[in-house]
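Engineer: Can you keep this structure in mind? I'll have questions shortly.
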Amino acid sequence: MSIRVKSVFYYLILILSMAMWSIALLSCSSGSSDDESGDDTPDVPQVVNDAVIMYLPWSGNSNQTGSLYNAFMNNISEIERAIVAQKSMNGYRLAAFVSTSPTQAVLVEVVYDKGVCKRDTLMRYTSPVLNTSQGIADILGDVKRNVKADNYSLIIGGHGMGWIPVKARQTIQTRYFGGTADAYRADILMLAQALEKIGMHTRYILFDNCYMANIEVAYDLRNVTDYIIASTSEIMARGLPYERMWRYLCGNTHNYNAACQEFISFYNTYSSPYGALAVIDCEEVDAMAQLMKAINATYTMPDEETLEVQSLDGFSPPVFFDMGDYVTKLCDDATLRNSFTEQLRHLVPCAVTTSELKSMYDIGKIKVSAFSGITISDPSISSRAEAKSTTAWYKATH
């Protein structure tokens, strides 16, 4: 995630920009004069085959600190440019829940009409609950009722810290599942429970957040989504290059490999050339758990040997280790190791990374010499990972 100099001037600009965007979002309601004329109303079908939901909860604290709001708005604008370039939204709809301030939020639908994209406001929220499964279920349920589709995909923006419980997270200007204060943060299990509550099984969940491509997260979400698209490490504040990637993430046919290639092509030439992205097939998670249980029954790694395993985070000691490198160094049995390598290939069908990754935590840069596209916290001795034995993944594999 990019490091930005925080100054009084920056925050004045941020607050002014947020206010302008809030006005813009609210002004795009379906009751505007353009919509009332009748002739300009887009012909949006009641039910389509596919809908993409952007869930962009408040990403700062109550004083605006740490907010990624402007980045979120740029992300939506990028998608709109991609839609205009495609000249169509045939077969899918796009909705975005956006927190415009710590206490206000809107649900908008992006529609394409006569060469331009418009944002129709479907609902407005005052103090939406963002840190409980029921609160998330209420919001996603609103989307489901207002934007009907046979299939849904979910894009989540914000800060991220993988499986780590809310209370263990630190404030940082990078992309938790939520904001920089507990009132705006949610644990992964809350998301899984919310999706189960409303009966929404997604085609994919894309986390535009840091540290979400780990096996612990995949295990918790394996029953509510087909795929997870996420980063093993930190993501720059500008987020994913949606204008390039969008055509592979929308509609009836998704091409996750092509999406990853667009991501890495962008970040290899970006001003901050650091980024990693992977696709996790959730149908393969249970098989990996069974295999890891067999490996863990025989092998354990001494703490001092963890220093030899590829870390994909900026913490000291590390929290998120490359899973492929960890098991390769952990397991001496050739048959088990070959079975693991083959299962890993099915679990992570696509993974890309730059040669170095950047962190705002203890270590500035991470040299990547081993990369499998998914991390694991089993070998971590960090106090940040002290709750690892309470995860469903750990219990299933030890």
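Engineer: Quick one: would you say Val84 is crowded, with 20+ Cβ neighbours inside 10 Å, more than 20 Å from the chain's Cα centre (by Cα) and closer than 23 Å to His254 by Cα?
Structural biologist: no
Engineer: Taking segment 248-284 on its own, how many of its residues are open to solvent by 30 Å² or more (accessible area, probe 1.4 Å) and of a type in the set (Val, Ile, Thr)?
Structural biologist: 2
Engineer: Identify, from the list Ala218, Ala230, Ala289, the residue that is within 16 Å of Met161 (Cα to Cα), small (Gly, Ala, Ser) and touching a helix residue (DSSP H, G or I) at 6+ places or on another chain (Cβ under 7 Å).
Structural biologist: Criteria check complete, one pass: Ala218.
Engineer: Could you check segment 111-121 and list, in sequence order, the residues that are under 20 Å from Ser99 (Cα atoms) and surrounded by 19 or more Cβ atoms within 10 Å (Cβ to Cβ)?
Structural biologist: Val111, Lys118, Arg119, Asp120
Engineer: Then there is this: What is the one condition in (1) touching an Asp or Glu at 6+ places or on another chain (Cβ under 9 Å); (2) surrounded by fewer than 24 Cβ atoms within 10 Å (Cβ to Cβ); (3) assigned to a helix (DSSP H, G or I) that Met245 does not satisfy?
Structural biologist: The number of the failed condition is (2).
Here's the yes/no breakdown for (1) modelled with pLDDT of 90 or more; (2) open to solvent by less than 20 Å² (accessible area, probe 1.4 Å):
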residue	(1), (2)
Leu94	yes, yes
Val98	yes, yes
Gln104	yes, no
Tyr125	yes, no
Gly135	yes, yes
Asn151	yes, no
Phe177	no, yes
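Engineer: If I go through segment 228-242 residue by residue, how many of them are modelled with pLDDT under 95 and either assigned to a strand (DSSP E or B) or open to solvent by 10 Å² or more (accessible area, probe 1.4 Å) (or both)?
Structural biologist: Residues that pass the stated criteria total 1.
The values are calculated or read from the model by the stated rules, or taken from the named source; none is laboratory data. Bear in mind the structure is a predicted one, so any value in this text is a computation, not a measurement. Here Cβ is always computed from backbone atoms with ideal geometry, including for glycine, and neighbour counts include all displayed protein chains. Protein only, heavy atoms only, side chains kept; ligands, DNA and RNA dropped before computing areas. Shrake-Rupley method; radii C 1.70, N 1.55, O 1.52, S 1.80 Å.
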